[in-house]
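The values are calculated or read from the model by the stated rules, or taken from the named source; none is laboratory data. Small disclaimer: the values here were computed from a predicted structure and weren't measured. Glycine also receives a Cβ, built like all others from the backbone with ideal geometry; neighbour counts cover every protein chain displayed. These area figures cover heavy atoms from the full protein model, side chains too; ligands, DNA and RNA do not enter into them. Shrake-Rupley method; radii C 1.70, N 1.55, O 1.52, S 1.80 Å.
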Amino acid sequence: MPILKEEKSIYPENLFNEQYQEERREEGARWWAVYTMSRREKELMRRLLPKQVPFFCPIIGVPKRSPQGRVRTTFSPLFSNYVFIHATEDERIQALQTNCISKCLEVKEEEKLVFDLSQVHTLISSKQELRHESRLEVGTPVRIKSGPFEGIKGEIVERRSEARLLIAVNYLQQGTSIAIKDFEVEKV
């Protein structure tokens, strides 16, 4: 049972749609990695929503056991202190006026970031159990051959004797992973 209900972590829902991305680029929108004040990611998203500033903050459910033994789920940002906005200059200024932001970092390779974030969004949408991966290890690049995640690319890593597919957001040098069997993937 969740302690608090899950909040909106992406606006609009079609943020990673290619046609939407193209329309926003024509309006002058750019991707920004926004570094928030400590533990203010959700507050920033709550303030951006009524301003209709497009954002994405990967949120995952983390099961926690209470002292009484009950398992509860908290919804935490996958990447602490980061919210990604796709904003025009005016929208970026509106975001800065929320007083939740410490730094606004310009993204140089936007296509790579959008690709990485869209893959993370696909994994989160699946409601599978995900884990945060903070250290990227050198591994074999692979692609999932079939199933709901067909086409997703990543690297195989091993955690506690379990093979996992690492989906990286290289801009942050962080990522997420999902349990995988070797027959489900092929070398890229």
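Buried (at least 19 other Cβ atoms within 10 Å of the Cβ) and in a helix (DSSP H, G or I) - does that describe any residue in the range 101-111? No, that holds for no residue.
Going through (1) more than 21 Å from S80 (Cα to Cα); (2) in contact with a strand residue (DSSP E or B) (Cβ under 9 Å, 6 or more places away or on another chain); (3) at pLDDT 90 or above; (4) open to solvent by 50 Å² or more (accessible area, probe 1.4 Å) one by one, E158 falls short only on (3). Filter the range 2-61 down to the residues that are part of a loop (DSSP other than H, G, I, E, B) and within 18 Å of D90 (Cα to Cα) and list them by number. Listed by number, the residues that qualify are P12, E27, G28, A29, Q52, V53, P54.
Within the range 48-73, residues that are over 30 Å from Q97 (Cβ atoms) have Cβ atoms under 7 Å from residues that are among the polar types (S, T, N, Q) and assigned to a loop (DSSP other than H, G, I, E, B) in these pairs: R72/S66, counting only partners at least 6 apart in sequence or on another chain.
Kindly indicate the residue of the range 10-28 that is touching a residue at least 60 places away in the same chain (Cβ under 8 Å) and open to solvent by less than 50 Å² (accessible area, probe 1.4 Å) and also farthest from the chain's Cα centre (by Cα) among those meeting that condition.
Filtering the range 10-28 down to residues touching a residue at least 60 places away in the same chain (Cβ under 8 Å) leaves 10, 15-16, 21, 24, 27-28.
In the following step, the residues that additionally are open to solvent by less than 50 Å² (accessible area, probe 1.4 Å) were identified as 10, 15-16, 21, 24, 28.
Details: I10: 9, L15: 12, F16: 12, Q21: 17, R24: 20, G28: 23 Å.
The selected residue is G28.
Would the range 177-184 turn up any residue that is in contact (Cβ under 8 Å) with a residue 60 or more places away in the chain and either of a type in the set (G, A, S) or under 19 Å from Y82 (Cβ atoms) (or both)? No - not one qualifying residue is present in the range 177-184. Applying the criterion of being out of contact with any strand residue (DSSP E or B) (no Cβ under 6 Å at 6 or more places or on another chain) and on the phi < 0 side of the Ramachandran plot to the residues of the range 50-65, the residue that is most open to solvent (accessible area, probe 1.4 Å) is P50. Inspect the range 88-98 for any residue being hydroxyl-bearing (S, T, Y) and assigned to a strand (DSSP E or B) and give the result as yes or no. Within the range 88-98 (the criterion being hydroxyl-bearing (S, T, Y) and assigned to a strand (DSSP E or B)), the answer is no, since none of the residues qualifies. Contact map, the range 29-47: first residue closer than 11 Å to C57 by Cα and among the basic types (K, R), second residue assigned to a loop (DSSP other than H, G, I, E, B) and open to solvent by less than 20 Å² (accessible area, probe 1.4 Å), Cβ cut-off under 8 Å, separation 6 or more or different chains; pairs are K42/C57.
Based on this model, can you work out whether L96 counts as open to solvent by 40 Å² or more (accessible area, probe 1.4 Å), farther than 20 Å from E26 by Cβ and aliphatic (A, V, I, L, M)?
Values: open to solvent by 40 Å² or more (accessible area, probe 1.4 Å): yes; farther than 20 Å from E26 by Cβ: yes; aliphatic (A, V, I, L, M): yes.
Answer is yes for this residue.
So, of the residues in the range 163-188 that are in a strand (DSSP E or B) and modelled with pLDDT under 85, which turns out to be surrounded by the fewest Cβ atoms within 10 Å (Cβ to Cβ)? Break it down into steps so the answer makes sense when it comes.
Restricting attention to the range 163-188, the residues satisfying the condition of being in a strand (DSSP E or B) are 163-169, 174-179, 185-187.
Restricting the remaining residues to those that are modelled with pLDDT under 85 gives 163, 185-187.
Numbers: A163: 15, V185: 22, E186: 11, K187: 8.
That would be K187.
Only one entry of V142, V157 meets the criterion of being in a strand (DSSP E or B), of a type in the set (V, I, T) and closer than 23 Å to S76 by Cβ, and that entry is V157.
Got a sec? Which of K42, K64 is of a type in the set (D, E, K, R) and out of contact with any Cys (no Cβ under 9 Å at 6 or more places or on another chain)?
K64
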